[in-house]
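Throughout, read-outs are computed from the coordinates displayed, never taken from laboratory work. For clarity, every value in this text was computed on a predicted model and none was experimentally measured. When we count neighbours, we look across all protein chains shown, and the Cβ atoms used for this are built from the backbone with ideal geometry, even at glycine.
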Amino acid sequence: MEPAPVGEDNAVPDEQAIQTTVALDGDGTCIAHARHLAAGFLTRVQAEFGLPVSQRAMDLTQLVVSELVTNALKYAPGPVLLDLRIAGDAVEVVVWDSDPVLPVARAAHVGRVGQHGLEIVMAVAQGFEAQREPVGKRITARIALLDDPGGAITGRRPL
C-alpha cells in the first residue's frame, strides 16, 4: 500500500511507480476506508514526491472513489480492487469488480432520486473509461492534480 520509494540516487521514481492498490471486502465501512486511502495517498504524493495537489483534486478524488466503490459494491458480487496511481499531471482512480456489465450513465430525470453516481464521476473527471476484463470490468477516472492543469505550475518541485 505504500508508494514506491525514492531510488538510491535520491531520484524520484517514474510517475507510473507512484501507486497503491487495495482489496476491499464489501463490509459497511469499506467506502469510508477507500475515501481515507485516497486522501492519504494524495497527501503522501505531496509530502514524499513533491507533486502539487490542489484541495479541489483532493476532494474530487475522494468523491470519485466513493461513487465508483459504491457502484462496484452495489452491482457486483465479490471483492473490489481500488488502484490509485499518478499518471502525468493527474491521479487515476481505477476500480475493478467481478461484474462484466459495463456501467451506463442514465438520462437525466428530474424525479429520479439517487443513481447519479456515474453522471457525477463523468462530470468531474478529466477522463473516464470502462473496460471489460477477462473477469469483470475495470473503471478508470482521471482527475487533474491541479485546478488548472494547463497553468504555469507543472511537474515536480526541485529536489
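Label-to-label distance for H116 and A32 is 2.4 nm, based on points extended 7 Å past Cα in the beta-carbon direction.
At 7 Å along the Cα-to-beta-carbon direction for both Q126 and D25, put a label point, then send me their distance in nm to one decimal. Distance between the two pseudo-spin positions: 3.5 nm.
Quick one: if you stick a label point 7 Å off each Cα along the C-beta vector at A17 and D99, how many nm between them? Roughly 3.8 nm, to one decimal.
Database remark: amide H of S54 closer than 5 angstrom to the amide H of L146, D147 (H placed geometrically; neighbours at sequence offset of 5 or more, or on other chains; Pro and chain starts carry no H).
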